[in-house]
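Written below as structure tokens is the structure these notes are about.
The values are calculated or read from the model by the stated rules, or taken from the named source; none is laboratory data. Not measured: the values here are computed from a predicted model. So basically every Cβ, Gly included, is an ideal-geometry build from the backbone, and we count neighbours across all protein chains shown. With ligands, DNA and RNA removed, areas are computed over all heavy atoms of the protein, side chains included. Shrake-Rupley method; radii C 1.70, N 1.55, O 1.52, S 1.80 Å.
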Amino acid sequence: MKRKYFGTDGVRGPYGGPVANAAFARQLGAAAGRWLGASGKGASEAGKTVVLTGRDTRWSGPALEAAVAAGLASEGFAPVSLGVIPTPALARAVRTEGAVLGVVITASHNPAADNGIKFFGPAGVKLTDGEELQIEARLKAPGSLAGIEMDEAPPPHRTDAVNDYIQAVALLLPSRESLSAGAPSAPLNGWRIVLDTANGATCVTSPVVLRTLGATVVGLGDSPNGRNINAGVGSEHPEALCATVREVGARLGIAHDGDGDRCVLCDEGGDLLDGDEILTILAVHALRRSALAKNTLVVTVQSNLGVDAAVQAAGGRVLRTLVGDRYVSECMGAEGAMLGGESSGHVICAEVSPTGDGLVAALKVIEVMLLTAQPLSELRRVLRKFPQLALALPVKEKPPLESLPTVQATTRALESELGGHGRVLVRYSGTEPKIRLLVEGENAAQVQSCLDRLKAAVRVDLPAD
């Protein structure tokens, strides 16, 4: 059965629309409570009915958080707000504190006009498709409430989880003493790092951690006002990051998205690295030290084929999943893998964090830089990408892909032409009204021609007007 409200990463949409409004949020919270009760996950041990909630910096966050909390409370659960907090920090708190559920109010990398709701289970990992279906099945006529606003009191508030996260993450890097006798203890002394926090939730965490480790931080996107999250800044808009790294002579640049579960990097020359490059650096470094669990890296179908070549050359294997970091997480759990992620910058280092964590990913790459004494521009050479082009086209509706005859015929023809040296991927976005196209191959001109033909095919079956 297909989910109606949940997409690739929770429930998400324009605030005030069918799913991102306080009335629906309250109903969704109540449905989640009924599911917890029916599944026994909210059973009765003292303290086990606590649900932790949090949000990013969007102006609509407090109303949605209060509404979800009210719905959960109506089913006998005890919601506690952790305030503005990165998604991975809330996921960590759910796991370490034994909460029965975690809820984050965020639309991640989307514009400020959007918002959404993500759920995390007791282990700090996102709910499965099946669990989300069970929550949807317990909704009570949600469509009749769309657009109705409700004024709920906010849940009880705590701030200690943010501090706990900062302290834990700051311990990830080796001390200078362990790297070089007689050096200062702060491992990043002398490092200048440009940090773009997207005017989002990491404004309260990432700068503190990097400064605690000794770095000089040049901040971008660090003045949230509720309406500027991801607005020309962050991992979706890294142009200013790259330019600033070059301007100030920084060692590297780090950009998060609005809720902090992803990052992209740029090297000392201001050239961008995506999630594929981050994952390959970490995987190959670990393989060379016989430290990659199961010798396995998990990525999605979106990742470049060059990742497979680099990891296999180092003695490892690559497994691929559907797009979505929770599918990566599920595969990692099933395979016993500890490293996985997406080309978008979701990186899961499972020995540290139960979900994608942009700050942890950045620190893990910095650790490789420290241990190898190599700049990022040199480390990134481990991945030679196949020529790849991607395109996102707006759509008014999302009929099943198999019902699009021109797209299906063109895809088959292109796959035949590329043979075993490339691939074609067509999928709908799980969070936006778009269809995403990807073509990869050995020849850049051929890839461009294939993408143009695929785009034309989409517009035959799904006209723009």
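For the stretch 313-388, the helices (runs of 4 or more DSSP H) that sit wholly inside it and include 2 or more residues that are within 30 Å of CYS450 (Cα to Cα) are 325-335.
Got at least one residue in the stretch 228-241 being outside any loop (DSSP other than H, G, I, E, B) and in contact (Cβ under 8 Å) with a residue 12 or more places away in the chain? Yes, the stretch 228-241 has at least one match.
The rows are residues; the columns are (1) of a type outside the set (Val, Ile, Thr); (2) in a helix (DSSP H, G or I).
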| residue | (1), (2) |
| --- | --- |
| GLY419 | yes, yes |
| VAL424 | no, no |
| VAL447 | no, yes |
| LEU451 | yes, yes |
| ALA464 | yes, no |
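In the stretch 208-216, is there at least one residue being within 22 Å of the chain's Cα centre (by Cα) and assigned to a strand (DSSP E or B)? The answer is no, given that none of the residues of the stretch 208-216 is within 22 Å of the chain's Cα centre (by Cα) and assigned to a strand (DSSP E or B).
One residue alone among ARG453, ARG384 is open to solvent by 60 Å² or more (accessible area, probe 1.4 Å) and touching a Gly at 6+ places or on another chain (Cβ under 6 Å), and that residue is ARG384.
When GLY54 is tested against (1) in a helix (DSSP H, G or I); (2) of a type outside the set (D, E, K, R); (3) touching a Leu at 6+ places or on another chain (Cβ under 6 Å), just one condition goes unmet, and that condition is (1). Looking at the stretch 173-213, which of the residues that are aliphatic (A, V, I, L, M) and at pLDDT below 95 is most open to solvent (accessible area, probe 1.4 Å)? The extreme case among them is ALA181. For the stretch 282-304, filtered to residues that are open to solvent by 10 Å² or more (accessible area, probe 1.4 Å), touching a Gly at 6+ places or on another chain (Cβ under 8 Å) and part of a helix (DSSP H, G or I), the residue that is farthest from GLU432 (Cα to Cα) is LEU287.
Let's see how each residue does on (1) aliphatic (A, V, I, L, M); (2) open to solvent by 10 Å² or more (accessible area, probe 1.4 Å):
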residue: LEU339; (1), (2): yes, yes
residue: GLY345; (1), (2): no, no
residue: SER353; (1), (2): no, no
residue: ASP357; (1), (2): no, no
residue: LYS364; (1), (2): no, yes
residue: LEU389; (1), (2): yes, yes
residue: PRO405; (1), (2): no, yes
residue: ALA409; (1), (2): yes, yes
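The number of residues in the stretch 76-119 being touching a Phe, Trp or Tyr at 6+ places or on another chain (Cβ under 9 Å), in a loop (DSSP other than H, G, I, E, B) and surrounded by fewer than 22 Cβ atoms within 10 Å (Cβ to Cβ) comes to 1.
I'm checking my understanding of the structure. Among residues of the stretch 120-132 that are outside any loop (DSSP other than H, G, I, E, B) and open to solvent by less than 40 Å² (accessible area, probe 1.4 Å), which one is farthest from ARG262 (Cα to Cα)? Among those residues, the one meeting the criterion is GLY130. Within the stretch 425-455, being charged (D, E, K, R) and closer than 23 Å to ASP308 by Cβ holds for ARG427, ARG436, GLU440, GLU442.
Within the stretch 372-388, residues that are within 19 Å of LEU188 (Cβ to Cβ) reach partners that are assigned to a loop (DSSP other than H, G, I, E, B) and among the small types (Gly, Ala, Ser) with beta carbons closer than 9 Å, at six or more positions or on different chains, in the pairs PRO375/GLY269; LEU376/GLY269; SER377/GLY269.
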